[in-house]
Amino acid sequence: MSTHSYLKVGIAGAGLMGRLLAWRLSGAGHTVSLFEAGNLENPVGACQTAAGMISPLSELFHCPLPIYQLGMQSLQHWPQWVDQLQQQTALPVDYRQSGSILIAHPQDRNELLQFQQELNAKLGSENSAQLQWLDNLALQNLEPELERFDQGLFLASEADIDNRKLLPALLRALKQNRVQLYENTAAECHPGKVASARGSESFDLVIDTRGLGARTQIQGLRGVRGEVMVVETPEIRLNRPVRLLHPRYQLYAVPRANNRTVIGATEIESDDLSPISLRSTMELSSALYSIHPAFAEARVIETRVNCRPATMDNLPVVETGPGLIRVNGLFRHGYLLAPALVQKAESEIVKQTQTLATAQVT
Ligand SMILES: Cc1cc2nc3c(=O)[nH]c(=O)nc-3n(C[C@H](O)[C@H](O)[C@H](O)COP(=O)(O)OP(=O)(O)OC[C@H]3O[C@@H](n4cnc5c(N)ncnc54)[C@H](O)[C@@H]3O)c2cc1C
């Protein structure tokens with residue numbers, strides 16, 4: 001056990017949560033070791049597949065209130081954390097808070113009304129200021145490419161982050177903070193101990209952020225398959241994430257640098273990691289084409305498949321006990337929830353640090 005008020009922390013899983021926690025804790029002076037089963041430069045976790053939307057209001061339609069509340073907390077932290085990270089690493093992390101737009105084809109107009117009613121029911125009057133109806137003109141002012149839609153909804157507070165820029169920036173910051181990094185090292189987590197091919201190592205605190213890798217330790221944890229495509233075309237320029245509401249499938253299109261757009265995502269109750277199906281490719285492509293026909297000439301740059309780590313009620317878990325914290329079940333909300341969950345874990349760590357310091361004095 002360390003003899004100062006800083007902890008020796010072992011973290012297993014260098015996905016989104018593992019990297020963020022390792023960065024924050026090493027930045028606060030703790031000595032951190034990070035164990036990752038895969039490769040650090042090319043992450044294999046859900047973090048690498050995600051579209052990076054930070055959209056508490058859009059998600060509230062399908063999710064319970066705590067997801068929205070944690071998401072709103074996260075929105076407070078992301079800008080400051082991204083600034084800090086960019087300054088430390090001199091790497092750009094494309095964080096954008098330009099809101100998002102929901103549209104529906106004229107025959108599916110009810111989808112927009114239903115969305116509004118659902119949010120009204122869940123948020124009450126607080127809702128009205130956050131949700132703005134757009135007529136064709138207002139829609140075109142925000143997104144000229146959406147000229148063929150006669151109305152939409154604007155969720156001004158929503159944001160998105162380019163995960164393919166965030167994850168390498170976090171890795172560089174971890175190296176700068178002298179975090180001990182072990183890649184290709186699958187680990188098991190126990191209170192105060194991490195077991196891996198390196199042997200069993202002792203820590204003041206172990207944090208389990210292994211996503212689906214923690215399935216045997218967290219009852220009911222399951223994978224939910226998600227497929228996305230990345231397309232490229234100079235013909236279309238969206239300025240923010242756009243969601244197409246449709247009775248059978250939901251599509252989002254998230255614009256990225258270099259004329260690229262991430263489109264997604266399927267949600268299939270399965271932990272199958274095999275390549276994207278033809279059916280999903282067709283559904284995603286045709287929904288995108290229905291937003292703007294010029295997408296027909298877009299080039300398919302990449303398809304991505306991964307499984308979201310989800311609990312039975314699709315809510316995140318932060319399990320705390322002496323010497324071990326587990327953060328998991330981020331489901332389709334990793335980027336939405338991560339800062340709020342990091343903060344929950346940090347307050348537990350403050351408690352454990354105080355307990356250790358008291359034990360050392362007495
Ligand atoms: C298609 C898709 C789209 C998504 N879009 C969004 C979005 O727009 N917005 C949003 O907020 N969220 C989105 N998500 C969800 C988000 O990606 C996840 O919630 C998030 O990545 C979970 O983070 P995590 O750190 O818990 O797990 P992961 O990111 O999966 O990381 C877990 C890490 O642990 C490692 N690991 C596993 N087992 C071990 C072991 N035994 N020892 C050591 N390491 C181990 C893995 O290799 C991995 O690197 C999306 C997910 C998918 C699949």
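Checking every residue in the stretch 308-324 against the condition of being more than 20 Å from Y335 (Cβ to Cβ), open to solvent by less than 40 Å² (accessible area, probe 1.4 Å), outside any loop (DSSP other than H, G, I, E, B) and within 16 Å of the ligand (Cβ to nearest atom) gives at least one match.
Here is a yes/no grid of residues against (1) more than 25 Å from F331 (Cβ to Cβ); (2) open to solvent by less than 60 Å² (accessible area, probe 1.4 Å); (3) assigned by TED's automatic domain parsing to the domain that holds R164; (4) among the β-branched types (V, I, T):
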residue: H62; (1), (2), (3), (4): no, no, yes, no
residue: P66; (1), (2), (3), (4): no, yes, yes, no
residue: Q84; (1), (2), (3), (4): yes, no, yes, no
residue: Q107; (1), (2), (3), (4): yes, no, no, no
residue: Q114; (1), (2), (3), (4): no, no, no, no
residue: Q117; (1), (2), (3), (4): no, no, no, no
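Of everything in the stretch 17-60 that is touching a Ser or Thr at 6+ places or on another chain (Cβ under 8 Å) and under 16 Å from V327 (Cα atoms), the residue that is farthest from the ligand (Cβ to nearest atom) is L21.
So is L284 open to solvent by 60 Å² or more (accessible area, probe 1.4 Å), of a type in the set (A, V, I, L, M), at pLDDT 95 or above and outside the structural domain of E346 (by TED's automatic domain parsing) or not? No, not satisfied. Looking at the stretch 91-105, is at least one residue surrounded by fewer than 18 Cβ atoms within 10 Å (Cβ to Cβ) and free of Cβ contacts under 8 Å to residues at least 40 places away in the same chain? Within the stretch 91-105, not a single residue is surrounded by fewer than 18 Cβ atoms within 10 Å (Cβ to Cβ) and free of Cβ contacts under 8 Å to residues at least 40 places away in the same chain. L273 meets all of the listed conditions (1) open to solvent by 60 Å² or more (accessible area, probe 1.4 Å); (2) in contact with a Phe, Trp or Tyr (Cβ under 8 Å, 6 or more places away or on another chain) but one, namely (2). When the criteria are applied in full, Q73 meets the requirement of being within 22 Å of P339 (Cβ to Cβ) and open to solvent by 70 Å² or more (accessible area, probe 1.4 Å). Among the residues of the stretch 310-324, is there at least one that is out of contact with any Pro (no Cβ under 9 Å at 6 or more places or on another chain) and polar (S, T, N, Q)? Yes, the stretch 310-324 has at least one match. Taking the condition of being open to solvent by 10 Å² or more (accessible area, probe 1.4 Å) and not in a loop (DSSP other than H, G, I, E, B), how many residues in the stretch 143-170 meet it? The total comes to 7.
The values are calculated or read from the model by the stated rules, or taken from the named source; none is laboratory data. Everything quoted here is computed from the prediction, not taken from an experiment. Don't worry about glycine lacking a Cβ; one is built from the backbone with ideal geometry, like all the others, and counts go over all protein chains shown. The accessibility values were calculated without ligands, DNA or RNA, using every heavy atom of the protein model including side chains. Shrake-Rupley method; radii C 1.70, N 1.55, O 1.52, S 1.80 Å.
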